[in-house]
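Reviewing the structure listed below.
The values are calculated or read from the model by the stated rules, or taken from the named source; none is laboratory data. From a predicted model like this one, the values you see are computed outputs, not experimental measurements. As a convention, Cβ positions derive from the backbone with ideal geometry for all residues, glycine included, and neighbour counts pool all protein chains shown.
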Amino acid sequence: MWVDARGSTVLPSPECMRLLAVTAKDGGIGRIGVPTDQAPVVIPVNFTLHDDQILVRVGTGFFSQAAAGHLVAFEVDHVDSDAGVAWSVLVRGLATLIESPTEIEFAAAPHPLVPEPGDMVLVVRPDILTGRRFEVRRGL
């Protein structure tokens, strides 16, 4: 591991994948950035990790159409104020919409926190995986 110019420890890909898996298992929230004609839009989602790909259950509408077939960004992070450390993982990759998921794909996707969950699965392939860990400065 190496430290970047701002003092953050750059995490190797296996550690980034481990942090994604732990966050998914703990029911953490990630954020997906999708392209639009006007500006990128970032939406919080719960997710799972299956076969090293990010799965998000979605419904029809703006978000699923904006993401499907496009390069997206997916980010998770964690701040532990007591320990004085924080980390962030960024995934960039192609999003694929499975409009009629198999039982296995549907079961692997998380149950959304929203009242009316969708019945499709958005899969984000982790083409580029980066992460940073850094100390949290107290008293700011």
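What to note about this one:
- Scan of segment 102-118 for residues that are out of contact with any Lys or Arg (no Cβ under 8 Å at 6 or more places or on another chain), assigned to a loop (DSSP other than H, G, I, E, B) and not hydroxyl-bearing (Ser, Thr, Tyr), ordered by number: LEU113, VAL114, PRO115, GLU116
- Pair list, Cβ < 8 Å and 6+ apart or interchain, from segment 51-72 residues that are closer than 10 Å to VAL123 by Cβ to residues that are in a loop (DSSP other than H, G, I, E, B) and basic (Lys, Arg): GLN53/ARG125
- Boolean, LEU122 is farther than 26 Å from ARG18 by Cβ, part of a strand (DSSP E or B), touching a Leu at 6+ places or on another chain (Cβ under 6 Å) and not acidic (Asp, Glu): no
- Segment 118-133: number of residues that are surrounded by 15 or more Cβ atoms within 10 Å (Cβ to Cβ) and more than 15 Å from the chain's Cα centre (by Cα): 3
- Residues of segment 91-117 that are crowded, with 18+ Cβ neighbours inside 10 Å, more than 18 Å from GLY61 (Cβ to Cβ) and at pLDDT 90 or above: VAL91, GLY93.
- Among (1) assigned to a strand (DSSP E or B); (2) within 14 Å of GLY30 (Cα to Cα) - the single one ALA95 does not satisfy: (2)
- Selection status of ALA66, small (Gly, Ala, Ser), more than 11 Å from the chain's Cα centre (by Cα), surrounded by 13 or more Cβ atoms within 10 Å (Cβ to Cβ) and over 24 Å from CYS16 (Cβ atoms): yes
- Residue count for segment 34-49, restricted to those that are buried (at least 17 other Cβ atoms within 10 Å of the Cβ) and either on the phi > 0 side of the Ramachandran plot or not in a loop (DSSP other than H, G, I, E, B) (or both): 5
- Of all residues in segment 84-105, those satisfying the criterion of being more than 11 Å from the chain's Cα centre (by Cα) and in contact (Cβ under 8 Å) with a residue 40 or more places away in the chain are GLY84, VAL85, ALA86, TRP87, ALA95, GLU105.
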